Amino acid sequence: MSRSRPVARSVLVVFLAALSAGEAAAHAGGLSGTFRPVAVPSWLVVATGGGVIGASFLLTSLVTDHAFIREVTDWRAELPIRTTVRTVAVRGGRWLSVGVLAAIVVVGWIGPGVAAANLAIVGVWAGWWAGYTMTTYLVGNTWPAVNPWRALAGLGAWLRDRMLDRPIRRYPERLGAWPSVVGLVGLVWLEVVSPIAQQPRTLVAVIAGYSIVTVAGAVIYGRETWFGVVDPVSRVFRWYGRVAPLQRAGKGVEFVLPGGALADGRSGADETAFVVALLWVTTYDGLVATPAWATAIRAVVGWGLPPSVIYLGTAIAGFGCFLYVYRVAARWSRRTADTYVTARYLRDWFAPALVPIAAGYHLAHFLGYFLSLSPALVAVATQPLAPPAAIRTLVLPAWFGTLQLVFVLAGHMLAVWVAHARSFALFPGRLAPIRSQYPFVLVMVFYTVFSMWIVGQPYTQPPYL
């Protein structure tokens, strides 16, 4: 025990140093994150989810002391990090991640053709998109410190300045963060319809294409602009990181209450759209694996429409529907609060409250997936070119499906509190802040009912893929 404690503390310090170093800024087929059906009727699951959110709103409505709410959301505990440890962790983390990226590309191309035995497939989907992503909202966002494309872009910028002596182009401000919205929806659609979770070489080709675009864009427009505004992956981790208890503060790290970093600041229209897209793409990933979707798409394909067009059309239309519903709620909020604050301002002000919903849904979608494939991940990571003939997986107990419901509800309840805190930060008095939340709570109930319905469905392989 005396030796294990210093080791554990050292690991924590390295992780915190990586977190403090960065700038504040899809899964498919047989290896997809799935839900375990629960032994509860779907109508009861849906009704319970909506009821819990309604009850959460009623409970938070009892907390109307502005000073107390501000004290809770502003609570911070500084965690000192030595500069030398931080620097070593940053430099080592970034170039170590470059090595991991190179290993994934090489093994994905020359390694085993079986998906579950290939480091590229298991490492990207189980290790990175499932396991690492969960750390960004459960612990803290270390992606700016370990982003391999950021390290490669830094090298590219150095070579550009030495050899070409060309200035960085100015990023068109009119585009804002909209390219990241398109990129996020497009990446998840590609992940759903393409065989990148079954064919390692296809995944390597996608990684190579993404790497070329990302590094080139960061070299041309600058790393801060590209990874802060354009790159959808970095922006996903940055928004998820604002849910986490560990937050970067200057050169150090602060411990805050979960969701505390979401209580301040206002996003623009592009940021609001990205938050809604983040919520939608996770829902879309689960929707296409339900029996209802399989029945619907077979019927529509029978009318003569290509399946790929249907999947793409649903991804775009679903995002548009989620965004429209949220904008309608903002207009209603202006009326219920009886305020001169514009609906556009309210739309952008309350958008961060949606992020915990996306985080809870991701946790429900991927924790079981990550735990199930953790033995396979260890096996292919230790023997990437000659993995065991039999890849083992972890069998989860039947009650794990109920735990997934808890994750979804926890994310929604945290979202209710964040919306409550933001309303009291915007409006004076006690009645106007509560009344402003009515439409947004209804939207959260809508999202909850939809999410809980998906969680209660048995997994079905998406047709025509």
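Where Rh denotes the Kirkwood radius from the mean inverse Cα pair distance, what is Rg over Rh for the stretch 307-465?
1.12
Among the chymotrypsin sites (Phe, Trp or Tyr not before Pro) in the stretch 257-320, which ones are in a DSSP loop with at most 10 other Cβ atoms within 10 Å of the Cβ? Mind listing them?
303
How far apart, in nm, are two points set 7 Å out from the Cα along the Cα-to-Cβ line at residue 266 and at residue 77?
Calculated label separation equals 3.3 nm.
With just the Cα atoms defining each centre, how far is the stretch 382-436 from the stretch 289-365? Give it in Å.
18 Å
Provide the gained length on full extension for the span residue 173 to residue 109, in nm with one decimal, where the gain is 0.36 nm per separating residue minus the Cα-Cα distance.
19.2 nm
Obtain the nm distance between the two label points defined at residue 300 and residue 383 by a simple spin-label model: each point lies 7 Å from its Cα along the Cα-to-C-beta direction.
4.4 nm
Based on the alpha-carbon set only, what is the convex hull volume of the stretch 295-337 divided per residue, in Å³?
Normalising the Cα hull of the stretch 295-337 by residue number yields 71 Å³.
Taking only the alpha carbons of the stretch 168-313, what extent do you get along each of the three principal axes, in Å, biggest first?
Taking max minus min along each principal axis of the Cα atoms, the stretch 168-313 gives 57, 38, 33 Å.
How much space per residue, in cubic angstrom, does the convex hull of the C-alpha atoms of the stretch 308-389 take up?
Expressed per residue, the convex hull around the Cα atoms of the stretch 308-389 is 155 Å³.
Could you tell me what fraction of 2.2 N^0.38 Å the Cα radius of gyration of the stretch 162-223 comes to, as a two-decimal ratio? Mind dumping the intermediate values first?
Working: Rg = 15.0 Å, N = 62, 2.2 N^0.38 = 10.6 Å.
It is 1.42.
How big is the stretch 224-287 along each principal axis, measuring the range of its Cα positions in Å and listing the largest first?
Answer, in whole Å and largest first: 38, 27, 20 Å.
Per residue, how big is the convex hull of the stretch 247-327 when only Cα atoms are used? Give it in Å³.
148 Å³
If I model the stretch 97-235 as equal point scatterers sitting on the Cα atoms and use the Debye formula, what is log10 I(q)/I(0) at q = 0.10, 0.14, 0.20 Å⁻¹?
Once normalised to I(0) and log-transformed, intensities are -0.37, -0.72, -1.31.
No lab work stands behind these numbers, since they all come straight from the coordinates. No experiment lies behind these values; they were computed from the predicted model shown. Every residue, glycine as well, gets a Cβ built from its backbone with ideal geometry; the counts of neighbours run over all protein chains shown.
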